[in-house]
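Written out below as structure tokens is the structure these notes cover.
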Amino acid sequence: MADLAYLIPALPLAGFLGLVVLGRRAGDPRAGWLATSAIGLSFLATVATFFELLGQDAHHREVTKPLFTWIAAGGFEVKAALLVDQLSITMALFVTGVGTLIHLYSVGYMKGDEHFARFFVYLNLFAFSMLVLVLSDSFLFTFLGWEGVGACSYLLISFWFERDTAATAGKKAFVVNRIGDFGFMIAMFLLFTTVGSLTYKEVFEGLEGVSHAAIVAIALLLFLGACGKSAQLPLFVWLPDAMEGPSPVSALIHAATMVTAGVYLMARVSPLLVEAGGALTVIAIVGAVTALVAAVIACAQDDIKRVLAYSTISQLGYMFLAVGSGAYIAAVFHMITHAFFKALLFLGAGSVMHGMNDELNMKRMGALRRWMPVTGATFIVGWLSIAGVPPFSGFWSKDDVLLAAYDKSPVLWAVGLLTALLTAYYMGRQVFLVFFGEERWRREEQDGVQGNEPSRGRPEDRSEAEPPAEGSHSEPHESPRLMTTPMVVLAALAALGGLLNLPFGKLKFLEHWLEPVFEEAEHKLSPGAEDLRLVLALLAIAAGAGGIAIAYAIFMRARRTAAFQPALLKRGSGGFDDLYSFLVERPGRVIANFTAFVFDARVVDGFVNGAASVVRMGGSQLRKVQTGYVRNYALGVTFGAALLLGYALLRMGI
Amino acid sequence: MEGFSILTAMVLVPVIGAAVVALIPRSREDVIKAVGLAAAVLVGVASISLAFAFDANSAEYQFVSEASWIEEFGVSWLLGVDGISLFLVVLTGILFPIALVGTDPHRDVKGYTAWMLLLEAGCLGSFLALDLFVFFLFFELTLLPMYFIIGGWGYEKRVYASLKFFLFTLFGSAFMLVGMVALVFLSAKGTAPLTFDIRELAERGALAEDTARWVFLAFTMAFAVKVPLFPFHTWLPDAHTQAPTAGSVILAGVLLKLGTYGLVRFGLSLFPKAAVDLAPVLLTLAVVGIIYGAVCATMQKDLKRLVAYSSVAHLGFIVLGTFALTTQGLSGGVLQMVNHGLSTGALFLLVGMIYERRHTREIAELHGLQRSMPVMAVMFTVVMFSSIGLPGLNGFVGEFLILIGSFVTRRWWAVVGTAGVILAALYLLWAYQRVFHGTPEGENATLTDMTLRERAVMAPLLFLIVFLGVYPQPVLDRINPSVERLVRHVEEKGGYEQPAVAVNGAEGVREERQKKEVEEGQAKQQESERKLAEFKEAEDKAREKARSGGQ
């Protein structure tokens, strides 16, 4: 069964290898089409596998497809093998589906870029790694994909490597993620020590004899890994900077797929988390706090992509809140709808930049819906969806998350609700500033608040290669069909995605589909919470409407461009960058400098050289021995050896 | 093996090559190069065919070639290869021709080629020798050629660096010499004849416990300098910085492995008890080296020095795996010796290629090379990721086995080692950013990308880096049996037992658990029996009392 599953990761891998072999010969746009068809076919293979599973009985939808033994020594053995089940196929479906759309968009977006082919090499490699991550049957093979997507993320963030900010952002992303990986690795070591295996199945079967403390430790260490990859507090600081990458990268990697890997990992190990008690509460709290903090920072951003970046962090916080509340299905549901609307919003932002000569500061935009009707309309769909306006998809999934959070603790729910209000506000602000109001881009250097953010995105030399018609006064224009088509498809998905899991009896498709995976781990809602569903939903709608209303009042009625933007929040990562620089980077530099140039050079090496000079000064007789001729030393060694040998012989009495 | 022995031939071919080179007139550089390369390639082909001919199911020494030499002292010409040395021999066989083709000495090709060939003979002899005396000869033989290569073809401070290298190593060797003599003669106490055969010496294990400890320390001293283990490492950055590219490649790729190989082959098998007892000391030095090397690497201004310090960190991992004394740790350690040779060798080659163009190793002088040298950037990226330990490339497999193997027995050391993994990403990515990212100006902007020849030189290394990352099992299958045998040897003679999970995985954990339950059950049963007995006793007493009272 499910033999086509092999093709799911194999096709993007083939695309990657093909593009590597072809190199520059593939060219623009052929490389793009090749990469797009690779991931497109992979999507078809996933759909076929999905229907094959659907044809099976609900409890026989899990199958392991072995490949080969990857690493084995003594009692340690890890195979490269695929685990095809409801959860992995669900993930694979939206990874390849959304991935295909973004590949397609990229063909248009990256047109004319000097490194067009290289971009698609990375993109296909990313898709392959992500699918390995999702489809793997063991922690270690998942880790291969996990690190693979991290490496691709690094390569794609610093894709325009001439820009210093891009290069720094790429490095930062990789290093911060490594801190999370530290947790992931130690968790694997602990699992091996206590269970003796790293395959999901064997681990879950072997948990019985493991002490509670060890399980909690493993859960928290894995969560540390998830915090890195999914940009949660305190490791979220890399994601806003990751916006230095091209917009399709932000959409695919830093919104829809890679950053959800942490949530996926938590869902995958739900049988472990359910045993871990207190760890779940930690996850829920970190998720809720991250959601709130990121939403607050998002309110203060002027950069169109950074708003979306913080919004992503915030939405990922919701997903962890759901995981921590034991609502894995809600987490996955929100992951899917988020993939739709956030990918859409990022592609929209990219389209705006495309039509505005790479302008990123929202204060220099305005009224763009008239110039970019398709981008404007689809962006608004994405906005309504993330703001939780019914019947758009975000409403349904966020509602499930909030309901579960309420059942866990009303405090967590309240934080989630406040975040929902803020979400509606900052997204409303973005839409009003970009697509409504005055055409501020006609007036340069308006209101003196020049964005302290330089124009990000593409390297200058690229803009030079395609000079705008008349400087900054060129009119914005709609993007080509190649770019708007994926946006329209995503808009449809963002609008209708709620149908996947409507909270009415038989319409809970996703829930019925995923139930066997989460069987024991999924928290059953208490009857009290179930009764409150409607009330809570109304409150959520009110929060969304309230947020939009405030944004409307400030940015449409009052025509302001700035509000609630304290300097602290505008600075790098809302002050967190400064904090980390103060706590880690600067002391680290001092210590490292001391170690390398004082301790190592003066103390350790100084001891050696000092000993040498003591010897040298020790006696004038000895000085003659220090001739510096190696042959003399060699002679000395031989003599010494002979003496020792003789001594030993005498002692032995031979 | 009787008559012709492939191992003896492998050691002799480079020596003969060096002799032939010595006879060719200095002016015929092309002939000299051809002869040198032919000898190195011949050895390389032989080493690879050796790997294929090697019986993966056997843990014993294979292709053993023996001839008595100095009978009075029990010294014999004894060569053999097992899973632990096999791939180090292959690594040597591959790296030498690459180093010869991939670099240009610029002057005195004759001397350079001859020394390189002698160096190869020394390395191969050291890895293959099963006789302590022969090993020591070859171990010392590697010293002179490397001294001359650094001193003769190195950079500005080459004299200082080469002398430092020489004296440090000699210092260590002196200890080993004493240890060796002591070991051999003390082992011969009584009726047993003198022998330098390490198989025999390991079997005898004749030294008293505290004597063995001192002798072990003497051997360890020599190897610790060679590895180099913190705090004996300061010769390494100087030697690497001043050595010509080929010197750095061989030094990092092969010569340092003599230290770690020595610890495994001689430290563990000859002194199992001492190794078990003193493991915490070596483990501590190893993890200090991991962090220390990485921290020092971060701040280096010289690209070669940076790679040199990274070697201190990487070799620390190997020592960590070795003294974890588990199958995983040791197998990972042996594999990592090969991996480090490939990736650090490749790094030094690439840095050398940059030097050939820019005549500087200063990171600050280099900028934006990805634009002027895109192919170089791609290759550097792959090698860098290998060195960082990215899964899918070779470095990860060894590092992971080492860490998981040491976590099983030495949890906190492994945790510190894992932290070193974060730092590796930091210093390499930062260096990459400074050298390759940005817009190049001046000389950096006009550099020519890698030539076809340079790409061909790098190709086999890159292939192995990817292959060993994706499918390391053919190599591990050959390493594992010998490692398992060695661990069993340490267990038998060292009064130590590796955890069940390291031997049997999940099965081992279950058995352990069952054993514990049975033991607990037995203890409980005994306890209840005891209580029952007590109770009965008390009852009896009471009855007796009652009876006596009644009377």
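Sorting A:HIS512, A:HIS354, B:HIS240 by accessible area puts them as A:HIS512, A:HIS354, B:HIS240; the probe is 1.4 Å, largest comes first, and only protein heavy atoms count.
How crowded by other chains is A:61-74, given as the mean number of beta carbons from other chains within 10 Å of each beta carbon? Partner-chain Cβ atoms within 10 Å, mean over residues of A:61-74: 6. Extents of the stretch B:52-140, taken as max minus min of Cα coordinates on every principal axis and listed largest first, are 45, 36, 15 Å. Dipole size of the stretch A:493-574 about its Cα centre, with +1 on Lys/Arg Cβ and -1 on Asp/Glu Cβ: approximately 900 debye, rounded to the nearest 20. Close amide H pairs (under 5 Å, H built 1.01 Å from N) link A:LYS65 with A:LEU82, A:LEU83, A:VAL84, residues at least 5 positions away or on another chain. Of the whole protein surface, B:HIS367 contributes about 70 Å² of accessible area at a 1.4 Å probe radius. Based on the Stokes-Einstein relation at 10 °C and a viscosity of 1.306 mPa s, and on the Kirkwood radius from alpha carbon pairs, the stretch A:217-325 is assigned a translational diffusion coefficient of 116 µm²/s. Multiplying the residue separation of A:HIS59 and A:ALA545 by 0.36 nm and removing their Cα-Cα distance gives an extension gain of 170.8 nm. Take the Cα of B:GLU544, step 7 Å toward its Cβ, do the same at A:LEU482, and the gap between the two points is 10.4 nm.
Local charge for B:VAL75 was computed over the other residues whose Cβ lies under 10 Å away, with Lys and Arg +1 and Asp and Glu -1, and equals -4.
Put A:TRP238, A:TRP383, B:TRP77 in order of accessible area, highest first, and with a 1.4 Å probe you get B:TRP77, A:TRP383, A:TRP238.
Show the residues, 5+ positions off or on another chain, whose built amide H is closer than 5 Å to the amide H of A:SER158. Those qualifying (amide H under 5 Å, at least 5 residues apart or on another chain) are A:GLY170.
Using a cut-off of 19 Å between alpha-carbon atoms, which lysines can reach B:LYS536, once sequence neighbours fewer than 8 places away in the same chain are excluded? Once the sequence-local lysines are set aside, what remains near B:LYS536 is B:LYS524, B:LYS545. Taking all Cα pairs closer than 8 Å and separated by 6 or more residues, the relative contact order of the stretch A:201-265 comes to 33 percent. Put a dot 7 Å past the Cα of B:GLU517, heading toward its Cβ, do the same for B:LEU194, and the two dots end up 6.0 nm apart. In the context of the full protein assembly, B:TRP69 retains an accessible surface of approximately 130 Å², using a probe radius of 1.4 Å and ignoring ligands and nucleic acids. Under a straight-distance cross-link criterion of Cα-Cα below 29 Å, which lysines are reachable from A:LYS305, leaving out those fewer than 8 residues away in the same chain? Leaving aside lysines fewer than 8 places away in the same chain, those within reach of A:LYS305 are A:LYS111, A:LYS171, A:LYS172, A:LYS229, A:LYS342, A:LYS363, A:LYS398, A:LYS570.
Each principal axis of the Cα cloud of the protein assembly as shown was evaluated for its coordinate range; sorted largest first, these ranges are 120, 105, 58 Å. Here the stretch B:1-103 is assigned +1 on the Cβ of each Lys and Arg and -1 on the Cβ of each Asp and Glu. Its dipole about the Cα centre then comes out at about 640 debye. Any idea what log10 I(q)/I(0) is at q = 0.11 Å⁻¹ for chain A, Debye with uniform C-alpha scatterers and no solvent? Debye intensities relative to I(0), on a log10 scale: -1.05. Shape descriptor for the stretch B:159-261: Rg over Rh equals 1.09 (Cα atoms; Rh from the Kirkwood inverse mean 1/r).
With distances taken between every two different alpha-carbon atoms, the stretch B:410-473 has a Kirkwood hydrodynamic radius of 15.5 Å. Using a cutoff of 8 angstrom between alpha carbon atoms and counting only pairs six or more residues apart, the relative contact order for chain A works out to 12 percent. Chain B has equivalent-ellipsoid semi-axes of 49, 30, 20 Å, by the square roots of 5 times the alpha carbon gyration tensor eigenvalues, sorted largest first. By the rule of a C-alpha distance below 25 Å, with chain neighbours fewer than 8 residues away ignored, the lysines paired with B:LYS226 are B:LYS157, B:LYS164, B:LYS257, B:LYS273, B:LYS301, B:LYS304.
Counting only heavy atoms of the protein chains and using a 1.4 Å probe, A:ILE304 has close to 0 Å² of accessible surface.
For the pair B:VAL41 and B:ILE70, a Förster radius of 45 Å applied to the C-beta separation gives a FRET efficiency near 0.85, rounded to the nearest 0.05.
Across the stretch B:376-518, counting alpha-carbon atoms alone, Rg and Dmax equal 21.3, 76 Å. Ordered by 1.4 Å accessible area with all protein chains kept, B:LEU217, A:LEU499, A:LEU384, A:LEU239 run largest first as A:LEU499, B:LEU217, A:LEU384, A:LEU239. Taking every alpha-carbon pair under 8 Å whose residues sit at least 6 apart, chain B reaches a relative contact order of 14 percent. Using only the alpha-carbon atoms of the stretch A:321-429 as identical scatterers, what base-10 log of I(q)/I(0) does the Debye formula give at q = 0.17, 0.19 Å⁻¹? Computed log10 I(q)/I(0) values: -0.81, -0.93. Within the shell of other residues whose beta carbon sits under 9 angstrom from the beta carbon of B:GLN433, the net charge comes to +1, with Lys and Arg scored +1 and Asp and Glu -1.
Around the Cα centre of the protein assembly as shown, unit charges on the Cβ atoms of Lys, Arg, Asp and Glu (plus for the first two, minus for the last two) sum to a dipole of about 2180 debye. Extension gain for B:PHE52 to B:GLU156 (0.36 nm times residue separation, less C-alpha to C-alpha distance): 33.1 nm. Cβ-Cβ distance of B:TRP412 and B:LYS524, R₀ of 25 Å, FRET efficiency by 1/(1 + (r/R0)^6): the value works out to about 0.15.
Here A:ARG559 and A:VAL389 are evaluated by their C-beta separation; at R0 = 41 Å the FRET efficiency comes out at 0.95.
The values are calculated or read from the model by the stated rules, or taken from the named source; none is laboratory data. As the structure is a prediction and not an experimental result, all values here were calculated from the model. Neighbour counts are summed over all protein chains in view; Cβ atoms, including those assigned to glycine, are modelled from backbone coordinates with ideal geometry. These area figures cover heavy atoms from the full protein model, side chains too; ligands, DNA and RNA do not enter into them. Shrake-Rupley method; radii C 1.70, N 1.55, O 1.52, S 1.80 Å.
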